[in-house]
Amino acid sequence: MTCPFCTGVWMVSSLTAGQLPWPRAARTAMGALTAPAGADALQPAYAALVDRTTGADDEGT
């Protein structure tokens, strides 16, 4: 379990399968994992906005 892609597939499969016997617990876990996923998705947009407004390039100069 060192590959992030493989780990993600197994987590999603487990949570999806868990919705049948434990729907409330699975929804709670999915909700808790949505916040970090949203933050990870917004981080590149924020970095691009900062670079655009400050005129910084990828080298930090």
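Annotations
- For the chain, the spread of Cα positions along each principal axis, largest first, Å: 53, 25, 9
- Å² of accessible area per residue within the chain, as computed with a 1.4 Å probe and no ligands counted: 85 Å²
- Take 2-14, 21-33 and order them by the average number of nearby Cβ atoms within 10 Å per residue, most first; the result is 21-33, 2-14.
- In a simple Cβ point-charge model (Lys, Arg +1; Asp, Glu -1; nothing else charged), the chain has a dipole of about 580 debye relative to its Cα centre.
- From phi via Karplus (6.51, -1.76, 1.60), per-residue ³J(HN,Hα) for segment 19-25 in Hz, x at Gly/Pro: 5, 6, x, 9, x, 5, 5
- Fully extended contour minus Cα-Cα distance, from residue 17 to residue 43, at 0.36 nm per residue: 6.4 nm
The values are calculated or read from the model by the stated rules, or taken from the named source; none is laboratory data. Just so you know, these numbers come straight off a predicted model, no measurement behind them. As a convention, Cβ positions derive from the backbone with ideal geometry for all residues, glycine included, and neighbour counts pool all protein chains shown. Just the protein is used for accessible areas: all its heavy atoms, side chains included, with ligands, DNA and RNA removed. Shrake-Rupley method; radii C 1.70, N 1.55, O 1.52, S 1.80 Å.
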